[in-house]
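J.: Before I ask anything, here is the structure I am working with.
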Amino acid sequence: MIARPYRQRSPHILAIIIACEVGFWVVILAGLIARYPLKRRRLGLVLLALTPVLDVILLAANAIDLSRGSTATFAHGLAAIYLGVSVAYGHKMIQWADTRFAHRFANGPAPAKRYGWAYTAECWRDVVRTGIAVAIAAGVLWLLITISSDLQRSAALTSMFGILGIIAAVELVRATSYTLWPKKTPVTA
C-alpha cells in the first residue's frame with residue numbers, strides 16, 4: 001500500500017461554501033421572481049426545487065477533497081453544519097422569502113408577527129429543526145471522517161461535534177427563555 005502525502009490546505013472548500021450560500025439565495029430569488037412578477041409559477045417551482053442540488057455539490061466537493069488526501073480543516077466541518085442547517089431550515093427560509101414576495105408582488109397577506117405563546121411555539125419548532133440540523137451535520141461529519149480514513153487528518157472534523165452540542169444547547173436555552181418569559185405584544189398608542 002502506497003501512502004499518499006497529506007495536503008495541508010483546502011481553501012477551495014470555503015469558496016464552495018460561500019458559492020453554495022450565494023447560489024441558494026440567487027436560486028430562491030430567481031424562483032420567486034419567476035413565480036410572482038413574471039407569473040411563471042412552474043418555472044418558479046423548478047428553480048426553487050434546485051436548492052438541494054447546491055447541497056449535493058457541497059457534499060460531493062468535501063468528500064472528493066478528503067478522499068484525495070486533504071487534511072480536514074474548519075471549513076470542511078463548517079460545510080457539514082451548513083448542510084444540516086440548509087436541509088433542516090431550507091423550507092422555512094424559502095417560505096419566509098415567499099411570504100414577503102407574495103405580499104409585495106401578488107397582494108398576499110402581510111407577514112404575520114408572532115407574540116406570546118405563538119412565538120414560544122415557533123421557538124420550540126426551531127428546537128426540533130435545530131435537532132434535525134445537528135443530526136444531519138453529525139452524520140455528514142461521520143461520513144467525512146470515514147472518507148478521510150485517517151484520524152489525524154480528520155481531527156478538525158472530530159472537534160466539530162462539540163460545536164454541534166453548543167448549537168443545540170443555545171437553541172434549547174432560547175426556547176426555554178421564551179417559555180418562561182413569552183415575547184410580549186407591543187403596546188400601540
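Each reported figure results from applying straightforward, stated rules to the coordinates on display, with no laboratory input. Keep in mind that what you see is a predicted model, and the values were worked out from it rather than measured. Cβ coordinates were reconstructed from backbone atoms using ideal geometry, including for glycine residues, and neighbour counts include every protein chain displayed.
J.: Residue 70's amide H: which non-local residues (gap 5+, or another chain) put their own amide H closer than 5 Å, with H modeled 1.01 Å from N in plane and none for Pro or chain starts?
T.: Amide H to amide H, under 5 Å and 5 or more residues apart or across chains, residue 70 pairs with 7.
J.: Pop a pseudo-label 7 angstrom from the Cα along the beta-carbon direction at both residue 30 and residue 92 and give the gap in nm to one decimal.
T.: 2.7 nm
J.: What percent do you get for the relative contact order of the chain when only Cα pairs under 8 Å and 6+ apart count? Could the numbers behind the result be given before it?
T.: Numbers: 204 pairs, mean separation 46.8, N = 189.
In percent, rounded to a whole number, it is 25.
J.: Please check: in the Gaussian network model of the chain (C-alpha springs, under 10 Å), which one of 45, 59, 141 has the largest mean-square fluctuation.
T.: Maximum fluctuation in the GNM of the chain, among the listed residues, is at 45.
J.: List the DSSP H helices in the chain whose Cα atoms stretch 15 Å or more along the helix axis and whose mean Kyte-Doolittle hydropathy is at least -0.5.
T.: 11-35, 51-67, 74-105, 116-148, 160-180
J.: Which residue fluctuates the most in the chain, going by a Gaussian network model with Cα springs under 10 Å, if the choices are 136, 145, 33?
T.: Between 136, 145, 33, it is 33 that shows the largest mean-square fluctuation.
J.: Residue 155 to residue 67: FRET efficiency via 1/(1 + (r/R0)^6), r the Cβ-Cβ distance, R0 25 Å, to the nearest 0.05?
T.: Calculated transfer efficiency: 0.90.
J.: Stretch residue 180-residue 132 to full length: gain in nm at 0.36 nm per residue minus the Cα-Cα span? Numbers along the way, then the final one.
T.: Details: separation 48, 0.36 × 48 = 17.28 nm, distance 2.40 nm.
Full extension of this stretch gives 14.9 nm more.
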